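What follows is one structure encoded as structure tokens, with my remarks underneath.
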Amino acid sequence: MTLIKSISGIRGTIGGHVGDNLTPLDIVKFTAAYATFIKKTSQEEKIKIVVGRDARISGVMVHNIITGTLMGMGCDVIDIGLATTPTTEIAVTKEGASGGIIITASHNPKQWNAMKLLNAKGEFLNAAEGQEILSIAEAEDFSFSQVDDLGEIIQKQYLHEHIQSVLALDLVDVEAIKAANFRVAIDSINSVGGVAIPELLRALGVKEIFELHSEPHGDFAHNPEPLPQHLTELSSLVLSSKASVGFAVDPDVDRLAIYCENGEPFGEEYTLVAISDYVLQHTPGNTVSNLSSSRALRDVTLAHGYNYFAAAVGEVNVVTTMKAENAIIGGEGNGGIIYPASHYGRDALVGIALFLTQLAKSGKTPSELRAAYPAYFMAKQKMELTPNIDTDAILEKMKAKFSDQKVTDIDGVKIDFPDKWVHLRKSNTEPIIRVYSEAHSQEEAEEIGKQIIDMIKEMC
């Protein structure tokens, strides 16, 4: 299946048959459904929607269809062109728009594209809102505007404003970063990061920047998910350029991977841990991450004397929990930083600025900073399901079997042992159960995951 309809939007591969892939007709249908939903829920007489896109090869085609459809639905379009996901989110609030559409398939390969849907706060829609849009699209329950009521396109740029908002954050110290004379290596994976990250670094006073794949043509030089196996060139560049630190982002720049001065990965789970530690040193408050993220954030938060809370997987769920628990920082273990002092969305630009300030003020190298945090190792495994397996029943049995441990069931089943954890979730898009586990060694993390999978097989 290459067309995935979810509450957070629609994504799929380009080309092929209608309803099976992300075709022009599918794009029109879901854009019209989104516009219908916004018109029903907004108090504004004239609807204004912000549209931004990453640099994917299909981006111009998808962008033109979306903006034309929005005009046809009577919506004015604030077209911000090539833009990061967080830039688009910020533009929605600055424009006072009723919503926004981000054209990006995030870390998916180049044949994919997607529509991420935002509300008037520049945040992702919740489950009920997303489901309503899917229902409108399924029923094709929308009506296009008459000729005198068509929308118009207004073109603007928001990257500069986004960067200025990052520089204005109280915990970003531009002078300290300048004085540190950092040498920074970056991998922007041939997308909007190639425009945004160098401009941010120059604004922060970084004079020596070593760039990989900065040309935003969308023909990704490697797998775009910022994982160590895809970032070997960045590791080598950090060493050969004698860089102080390396940064890699995904195509829409909401995830941040960090590389130490010795060419070793800082660890995607520890991007959030380190930046949260810095924020907690200066701001009292709680933290949030999702159930599949490292326990290290909990440990660091408790060490500062504050409370940690876990949310269901998904950015909208993390944001909802952050608001409910008055969290000062949160995010996901994939390198996604959500810092409410900026906005409620994952933002690699904010992450870079806070991390460089942390390095400058601490006087530590990235490897020294990483060594200061609790050492955990994570394993990610999965179990294939056959049609006759009742996944919900399996999860209930696992809850009962481990009732003597701390069990959380807001999103699958997470079993917290004193020195490790296992999280079981059924996939919404594949016939599998995902089994994530974490312990104090890689071998132990993999072993507890395998033990759980064996237990599930015995139950089937």
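Just so it is clear, none of the values below were taken in a lab; they were calculated from the coordinates. Values in this document were obtained by computation on a predicted structure and should not be read as measured data. Don't worry about glycine lacking a Cβ; one is built from the backbone with ideal geometry, like all the others, and counts go over all protein chains shown.
Could you tally the net charge around residue 131, taking each other residue with its Cβ under 11 Å from the Cβ of residue 131, Lys/Arg +1 and Asp/Glu -1?
That works out to -2.
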Check your understanding: Can you put 65, 80 in order, fewest other beta carbons within 10 Å first?
Key -> 65, 80
Check your understanding: Taking other Cβ within 10 Å of each residue's Cβ, how do 455, 383 sort, fewest first?
Key -> 455, 383
Practice item. Give the cross-link partners of residue 242 among the lysines, using a straight C-alpha distance below 29 Å as the criterion and excluding same-chain residues fewer than 8 apart. Key: 178, 207, 361, 364
Practice item. May I ask for the Rg/Rh ratio of the stretch 208-259, computed from Cα atoms with Rh as the Kirkwood radius, given to two decimals? Key: 0.93
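Using the Cα centre as the reference, give the magnitude of the dipole from point charges on the C-beta atoms of the chain (Lys, Arg: +1; Asp, Glu: -1; all else neutral), rounded to the nearest 20 debye. Write down the numbers at each step before the final one.
Numbers: 40 positive and 61 negative charges, 77 e Å.
So the magnitude is around 380 debye.
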Practice item. Using R₀ = 51 Å, calculate the FRET efficiency as 1/(1 + (r/R₀)^6) where r is the Cβ-Cβ separation of residue 146 and residue 17; round to 0.05. Key: 0.95
Exercise for review: Using only the alpha-carbon atoms of the stretch 377-459, report the extent along each of the three principal axes, biggest first, to the nearest angstrom.
Suggested key: 35, 24, 23
Check your understanding: Near residue 414, which aspartates and glutamates are there with a Cα under 12 Å away, not counting those fewer than 8 places off in the same chain?
Key -> 396, 438
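Which peptide among 50-58, 311-319 comes first, and what is the full order, when sorted by highest mean count of other Cβ atoms within 10 Å?
50-58, 311-319
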Exercise for review: Considering the convex hull of the alpha carbon atoms of the stretch 162-371, report its projected area averaged over all viewing directions, in nm², one decimal.
Suggested key: 10.2 nm²
Review point. Whose amide H sits under 5 Å from the amide H of residue 255, counting only residues 5 or more places off or on another chain, with H placed in the peptide plane?
Key: 250, 348
Review point. Over the stretch 293-358, how many percent of alpha carbon pairs lie in each 10 Å bin up to the one with the longest distance?
Key: 21, 55, 24, 0
Study note, to complete from the structure: So the FRET efficiency between residue 407 and residue 384, C-beta based with R0 = 22 Å and rounded to 0.05, is 0.35
Check your understanding: Around residue 149, with a cut-off of 13 angstrom between Cβ atoms, what is the net charge of the other residues, counting Lys and Arg +1 and Asp and Glu -1?
Key -> -2
Review point. Average projected area of the Cα convex hull of the stretch 235-282, in nm²?
Key: 3.9 nm²
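Packing-wise, with mean Cβ within 10 Å as the measure, how do 276-288, 186-198, 360-372 rank, highest first? Could the numbers behind the result be given before it?
Numbers: 276-288: 19.2, 186-198: 26.2, 360-372: 15.8.
The peptides rank, most packed first, as 186-198, 276-288, 360-372.
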Review point. Given H placed 1.01 Å from N in the peptide plane, which residues other than close sequence neighbours of residue 245 have an amide H under 5 Å from its amide H?
Key: 183, 185
Revision key, fill the gap. The ³J(HN,Hα) series, computed from each phi in the stretch 83-91 with the Karplus coefficients 6.51, -1.76 and 1.60 at θ = phi - 60°, rounded to the nearest Hz and given as x for glycine or proline, is 7, 6, 4, x, 4, 5, 4, 5, 4
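With each run of n ≥ 4 DSSP H residues scored as -39500 (n - 2.57), what mean residue ellipticity at 222 nm is computed for the chain after dividing by its residue count and rounding to the nearest 500 deg cm²/dmol?
Calculated at 222 nm, the ellipticity per residue is -11500 deg cm²/dmol.
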Practice item. Take every Cα-Cα pair in the stretch 109-200 and report what % of them are more than 14 Å apart. Key: 82 percent
Revision key, fill the gap. Residues meeting the amide H criterion for residue 266 (H placed from the backbone, H to H distance under 5 Å, 5 or more places apart or on another chain) are 258, 259, 260
Check your understanding: How far apart, in nm, are two points set 7 Å out from the Cα along the Cα-to-Cβ line at residue 432 and at residue 400?
Key -> 2.8 nm
Exercise for review: Would you calculate the volume per residue, in Å³, of the smallest convex hull containing every Cα atom of the stretch 88-137?
Suggested key: 88 Å³
Practice item. Among the listed pairs 5/380; 40/382; 116/426; 116/420; 323/401, give every one whose C-alpha distance is greater than 31 Å. Key: 40/382; 116/420; 323/401
**Study point:** Overall dimensions of the stretch 1-143 by Cα: Rg and Dmax, Å
**Key:** 13.5, 39
Review point. Between the DSSP loop rule and a limit of at most 16 other Cβ atoms within 10 Å, which trypsin sites (Lys or Arg not before Pro) in the stretch 161-253 are left?
Key: 207, 242
**Study point:** Of the trypsin sites (Lys or Arg not before Pro) in the stretch 93-172, those whose Cβ has at most 16 other Cβ within 10 Å and which sit in DSSP loop
**Key:** 121, 156
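Tally Lys/Arg at +1 and Asp/Glu at -1 over every other residue whose Cβ is under 12 Å from the Cβ of residue 220; what's the total?
Overall, the nearby charge balance is -4.
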